[in-house]
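Beneath this line is the structure, given in structure tokens, with notes to follow.
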Amino acid sequence: MRTWFRNVWLAVSTVLHGMWVTLRLAGKTYQRKTFTEVYEYPERPVPVKARYRGFHRFDLTTCIGCDKCAVACPVDCIYIEKEKSPVGKGFRIDGFTIDYSKCMFCALCVDPCPVDCIFMGSNHDLSCFSRDGCIVDYAKLPLQIAWGHTTLNPTAVAESKALYEPVWVKGEPNPFEFAPVKTESATSSST
């Protein structure tokens with residue numbers, strides 16, 4: 001009988017102790033600050049570790065257009081448009097595009113670069129409302145970002161994709177309009 005009461009007391013005290021731990025930790029949840037109170041994001045950037053691989057930093061002035069980063073990319077997300085330079089040797093970079101919807105941030109594009117013009121940055125946020133915002137052309141970004149002096153941000157990416165000239169002006173032929181196509185059923189019913 002004594003063993004039975006001891007087992008009952010042990011079971012009840014164990015459950016009460018577990019419930020006390022649960023209630024105490026639940027109370028601490030309401031005392032701690034939220035994530036936005038601790039880091040005040042986006043006003044103050046979230047601290048990242050030294051070896052964090054965020055969105056790329058790219059220096060357009062030192063890039064020689066060797067395509068080594070595009071060849072080393074395992075998911076083929078780097079596209080380089082270049083022209084032969086009319087003066088001297090080398091290439092003129094017309095477009096250096098990275099598709100971040102495909103990029104896996106492996107940093108394999110950083111190592112083969114002979115002039116160190118591309119490296120991983122500490123920016124972790126490139127929020128956008130469409131997939132078009134994930135495709136970044138570093139050649140069309142503002143100079144401070146394209147030259148690697150400031151970090152990549154969603155506002156600059158959206159601004160680089162803005163069209164300031166109208167696509168079509170009234171009175172000009174519409175390039176998207178196609179001539180009507182005759183089908184056999186339409187010609188056979190009229191005869």
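The values are calculated or read from the model by the stated rules, or taken from the named source; none is laboratory data. This structure is a prediction, so every number in the text was calculated from the model and none was measured. Note: ideal-geometry Cβ built from the backbone for every residue, glycine included; neighbour counts use all protein chains shown.
For region 33-42, does any single residue satisfy the condition of being under 22 Å from M104 (Cα atoms), in contact with a helix residue (DSSP H, G or I) (Cβ under 9 Å, 6 or more places away or on another chain) and not assigned by TED's automatic domain parsing to the domain that holds L141?
Quick first cut of region 33-42, residues under 22 Å from M104 (Cα atoms) only: none.
No, that holds for no residue.
Can you say whether A162 is among the small types (G, A, S), under 28 Å from C77 (Cβ atoms) and at pLDDT 80 or above, as far as the supplied structure shows? Outline the logic, then answer.
On the way: among the small types (G, A, S): yes; under 28 Å from C77 (Cβ atoms): yes; at pLDDT 80 or above: no.
For A162, the condition - among the small types (G, A, S), under 28 Å from C77 (Cβ atoms) and at pLDDT 80 or above - is not met.
Do you know which of the residues in region 34-80 that are modelled with pLDDT under 80 and of a type in the set (D, E) is surrounded by the most Cβ atoms within 10 Å (Cβ to Cβ)?
So, considering only residues that are modelled with pLDDT under 80 and of a type in the set (D, E), the one surrounded by the most Cβ atoms within 10 Å (Cβ to Cβ) is E40.
Would you tally the residues in region 77-88 being under 23 Å from T151 (Cα atoms) and acidic (D, E)?
So in region 77-88, the residues under 23 Å from T151 (Cα atoms) come out as 77-81.
Those still in the list that are acidic (D, E) too: 81.
Looking only at that region, the number is 1.
One line per residue, one yes/no per condition, for (1) modelled with pLDDT of 80 or more; (2) in the same structural domain as T62 (by TED's automatic domain parsing):
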position: G133; (1), (2): yes, yes
position: D137; (1), (2): yes, yes
position: L141; (1), (2): yes, yes
position: T151; (1), (2): no, yes
position: F178; (1), (2): no, no
position: E184; (1), (2): no, no
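Which residue is farthest from G65 (Cα to Cα), if the candidates are limited to region 129-149 and must be surrounded by fewer than 15 Cβ atoms within 10 Å (Cβ to Cβ) and of a type outside the set (K, R)? Full working, then the answer.
So in region 129-149, the residues surrounded by fewer than 15 Cβ atoms within 10 Å (Cβ to Cβ) come out as 129-132, 142-144, 149.
When the remaining residues are screened for being of a type outside the set (K, R), the result is 129-130, 132, 142-144, 149.
Working: F129: 31, S130: 29, D132: 24, P142: 19, L143: 18, Q144: 20, H149: 20 Å.
Among those residues, the one meeting the criterion is F129.
Tell me, please, whether a residue that is more than 20 Å from R53 (Cα to Cα), over 10 Å from the mean Cα position of the chain (by Cα) and in contact (Cβ under 8 Å) with a residue 12 or more places away in the chain can be found in region 114-122. Break it down into steps so the answer makes sense when it comes.
Of all residues in region 114-122, those more than 20 Å from R53 (Cα to Cα) come to none.
No; the residues of region 114-122 include none that is more than 20 Å from R53 (Cα to Cα), over 10 Å from the mean Cα position of the chain (by Cα) and in contact (Cβ under 8 Å) with a residue 12 or more places away in the chain.
Kindly check whether there is at least one residue in region 38-53 that is of a type in the set (V, I, T), over 28 Å from S127 (Cα atoms) and not in a loop (DSSP other than H, G, I, E, B).
Pass one, region 38-53, residues of a type in the set (V, I, T): 38, 46, 48.
Then keep just the ones that are over 28 Å from S127 (Cα atoms); that gives none.
No, region 38-53 has no match at all.
Where in region 56-162 are there strands (runs of 3 or more DSSP E), lying fully within it, with 1 or more residues that are among the aliphatic types (A, V, I, L, M) and under 29 Å from E43 (Cα atoms)? I'd like the intermediate steps shown before the answer.
Numbers: elements: 56-58, 78-84, 91-99, 118-120, 135-137.
Once the strands (runs of 3 or more DSSP E) in region 56-162 are filtered for at least 1 residues that are among the aliphatic types (A, V, I, L, M) and under 29 Å from E43 (Cα atoms), what remains is 91-99, 118-120, 135-137.
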